[in-house]
Amino acid sequence: MIKIVVGLGENENIKFACERVKDIPNLDIEIVTSVDDIIDAFKDDEVDAIIRGSLNSSVLLKQIKNFSESEIVRATYIKEKIDNVHSNNHDNLNNNAFEFLLSPVGIDEGKNIDEKVEIAIKCCNFIKSIGKTPKIAILSSGRKDDYDRSSFIDDSLKESEILTKKLKNLLYGNELTDDDIYLGNTNDYHIKNYYILIEKAINEGNNIIIPPNGVIGNIIFRTLVLLNSWHSYGAIALGLNKIFIDTSRDQSVEGYYRSIKFAYNLAKFNQKGEE
């Protein structure tokens, strides 16, 4: 049995989404109405996954940091627009559809190289945990030959190159500790600096995309998901022992449904790994 706890605030679309998944076998959904109930779910060993739903996030996100010894990283899981997908199974995390993690996406996240290294490593852990090879695309605010256009562009280009080099040294040079990476051969990574060419990074199938900062990441998210109807499954909190999906208070029924299915599939992956 997989148990998922979801939060209900003013937006009741989450209730309708829960109704849509009630026939899934071995799935127990519990709807709670307060942040305290969500915090209690983190302490409950019987709970496999938690979804913020339509509850207010400001207090909740501060409190869940107490459940992790390291920095919590949020990464949005996105699947390409449905009419571009060549698979009929849109719920399987391991099908042939193009999916990727986008992080940082919070406007106050990814402020420096060290933060983005942490983001990249935790994203790698997640991608490997669902049976895929991490392909990391580093982005910046200009093309490789755009040096001397402005000091801002120069700084962004240099930072992307330093970040790319540092990640290659860490992932290829076996400089990681057991806490940094825990799955598979460290040669099973692809890392490339795409500079400003996000279209190339996506077309070449990278499953981890690291924007220059959270502001640009947020704009990328809004452009792909809100304008171009690519599917977001919510932002998974990486660095926690329990699955937590951060969702918008204003999400649609379909959006909440995707997040519930996402949490359910992740929980199934975890249960298989424990067998």
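The values are calculated or read from the model by the stated rules, or taken from the named source; none is laboratory data. All of these numbers come straight from a predicted model, not from anything done at the bench. Cβ coordinates were reconstructed from backbone atoms using ideal geometry, including for glycine residues, and neighbour counts include every protein chain displayed.
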- Message: I need the full set of residues from the stretch 231-250 which are over 26 Å from N270 (Cα atoms) and of a type outside the set (D, E), in order please.
- Response: R249
- All but one of (1) modelled with pLDDT of 85 or more; (2) part of a loop (DSSP other than H, G, I, E, B) hold for I38; which doesn't? (2)
- Residues located in the stretch 221-238, provided they are touching a residue at least 60 places away in the same chain (Cβ under 8 Å) and either in contact with a Lys or Arg (Cβ under 8 Å, 6 or more places away or on another chain) or surrounded by fewer than 19 Cβ atoms within 10 Å (Cβ to Cβ) (or both): V225, N228, S229, W230, H231, S232, Y233, G234, A235, I236, A237, L238
- Any idea how many residues of the stretch 56-80 are under 20 Å from G255 (Cα atoms), surrounded by fewer than 19 Cβ atoms within 10 Å (Cβ to Cβ) and among the basic types (K, R)? 0
- Task: Within the stretch 239-275, track down each residue that is in a helix (DSSP H, G or I) and farther than 16 Å from N26 by Cα.
- Result: V253, E254, G255, Y256, Y257, R258, S259, G273, E274
- Task: State which residue is surrounded by the most Cβ atoms within 10 Å (Cβ to Cβ) when the search covers only the stretch 17-43 and only residues that are of a type outside the set (D, E) and out of contact with any strand residue (DSSP E or B) (no Cβ under 9 Å at 6 or more places or on another chain).
- Result: I39
- Message: I need every pair where a residue in the stretch 254-273 that is within 18 Å of W230 (Cα to Cα) has its Cβ under 7 Å from the Cβ of a residue that is of a type outside the set (A, V, I, L, M, F, W, C) and in a helix (DSSP H, G or I), sequence separation at least 6 or different chains.
- Response: Y256/N13; Y257/R20
- Among residues belonging to the stretch 239-255 that are closer than 25 Å to D45 by Cβ and modelled with pLDDT under 95, point out the one that is surrounded by the fewest Cβ atoms within 10 Å (Cβ to Cβ). N241
